[in-house]
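J.: First the structure, then my questions, so here it is.
Read-outs throughout are calculated quantities, based only on the coordinates presented, and are distinct from any laboratory measurement. Because the structure is predicted, anything quoted here is derived from the model rather than measured. No Cβ is skipped: glycine too gets one built from the backbone with ideal geometry, and neighbour counts run over all protein chains shown.
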Amino acid sequence: MILLDRVTKVYNRNNTALDRVSLHVEPKEFVIIIGKSGAGKSTLLKLLTREERQTSGKIVVGGVDYDKLKDRDIPLLRRKIGVVFQDFKLLQNKNVFENVAFALEIVGYGNKEIIHTVPRVLDIVGLKGKEKNMPMELSGGERQRVAIARAIVRQPKILIADEPTGNLDPKHAWDVIKVLEKINKYGTTVLLTTHNQEIVNKLRRRVIVISDGRVVSDKANAEYRH
């Protein structure tokens, strides 16, 4: 599903963000990526969504070889990859339903499909009954779950959650993690980056540790130790 083979990303002579990173993620896996700020996690995610291009090495996602990917095909690739950020990036002038529906409108879904799809996705993330609420009326955890609903409404094969609990208290953080686990059970590959040691230790999933642009550890059922 996701293959990186000796991928290097150099920004300039003094900044090698990733250094010969190789990893393989199977379909439907739940993988946690950890590392200090500046370790290269964000660069890795940007390469996967094709916001950045690798300097060398090979990237293949869902059978798509990024070396052969034409610019015009990037939007299509991104439909297969949902992304959730630490700051929710919701549209403040739209309610919950409209925020999620917007992700479908911009790719040409009709009203009928939107009315059918959005409530189902809001149910998955535990926001049934909140359709008409505005973002400011929601807790941080609820806002993040709206962001997750928006990221999965087009049924991506992969969901990248980049520090999704970074701004949340422990209870809301766990609500968000439970939603990610649920989405994973439905068959979506989940890549989670986090600094939260407790989350990593409780989840007991595969953990990839990145340090100074290199993969220094890749273990199943791992715990997080500084």
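J.: If I stretch the segment between Ile115 and Lys178 completely, what's the gain in nm (0.36 nm per residue apart, minus their alpha carbon distance), one decimal?
T.: Separation in residues times 0.36 nm, less the Cα-Cα distance, equals 20.1 nm.
J.: Another question, if that's okay. Go from 0 up to the bin containing the longest alpha carbon distance in the chain, width 5 Å each, and give me the % of pairs per bin.
T.: With 5 Å bins starting at 0, P(r) equals 1, 7, 15, 18, 19, 16, 12, 8, 4, 1, 0.
J.: Roughly what % of DSSP beta bridges within the chain run antiparallel, to the nearest 5? Walk me through the numbers before you get to the answer.
T.: On the way: 19 of 36 bridges.
Beta bridges within the chain, antiparallel portion: roughly 55 percent.
J.: Of Lys80/Lys182; Lys70/Lys185; Lys41/Lys132; Lys128/Lys202; Lys182/Lys219; Lys46/Lys112, which pairs sit farther than 25 Å apart, going by alpha carbon to alpha carbon?
T.: Lys70/Lys185; Lys41/Lys132; Lys128/Lys202; Lys46/Lys112
J.: Just check region 91-155 against the gyration tensor rule for me: Cα atoms, a ≥ b ≥ c as the square roots of the eigenvalues, rounded for a/c under 1.5, and otherwise prolate or oblate depending on whether a/b exceeds b/c.
T.: Values: a/c = 1.77, a/b = 1.51, b/c = 1.18.
It is prolate, given that a/c is not under 1.5 and a/b is the larger ratio.
J.: Restricting things to alpha carbons, tell me how big region 91-221 is in terms of Rg and Dmax, in Å.
T.: Reported Rg and Dmax, both Å: 15.8, 49.
J.: Let me check against my output: what whole-number percent is the relative contact order of region 101-156, with C-alpha pairs under 8 Å and at least 6 apart? Kindly include the intermediate steps, with their values, before the conclusion.
T.: Numbers: 32 pairs, mean separation 26.1, N = 56.
Contact order relative to length: 47 percent.
J.: Output wanted: per-residue J couplings in Hz (rounded whole) for region 116-133, from phi through Karplus 6.51 cos²θ - 1.76 cosθ + 1.60, θ = phi - 60°, x for Gly and Pro.
T.: Once rounded to whole Hz, the list reads 7, 7, 4, x, 4, 6, 5, 5, 4, 8, x, 10, 4, x, 9, 3, 8, 5.
J.: For the chain, set up a GNM with springs between Cα atoms under 10 Å and report which of Asp212, Asp73, Asp123 has the largest fluctuation.
T.: Asp73
J.: Would you be so kind as to identify which of His172, Pro119, Ile210 lies farthest towards the positive end of the dipole of the chain, taking Lys and Arg as +1 and Asp and Glu as -1 on Cβ and the Cα centre as origin?
T.: Of His172, Pro119, Ile210, it is Ile210.
J.: May I ask you to evaluate 6.51 cos²θ - 1.76 cosθ + 1.60, the Karplus curve with θ = phi - 60°, for each residue of region 34-43 and list the ³J(HN,Hα) values in order in whole Hz, giving x for glycine and proline?
T.: Couplings: 10, x, 5, 4, x, 6, x, 4, 5, 4 Hz.
J.: What is the chain's relative contact order, in percent, from Cα pairs under 8 angstrom and six or more apart in sequence? Could the numbers behind the result be given before it?
T.: Working: 419 pairs, mean separation 63.1, N = 226.
Reported relative contact order: 28 percent.
J.: What ranking do Tyr186, Tyr66 get, fewest neighbouring Cβ atoms within 10 angstrom at the top? Display every interim value, and only then the final one.
T.: On the way: Tyr186 10, Tyr66 19.
Final ranking by Cβ density, sparse to dense: Tyr186, Tyr66.
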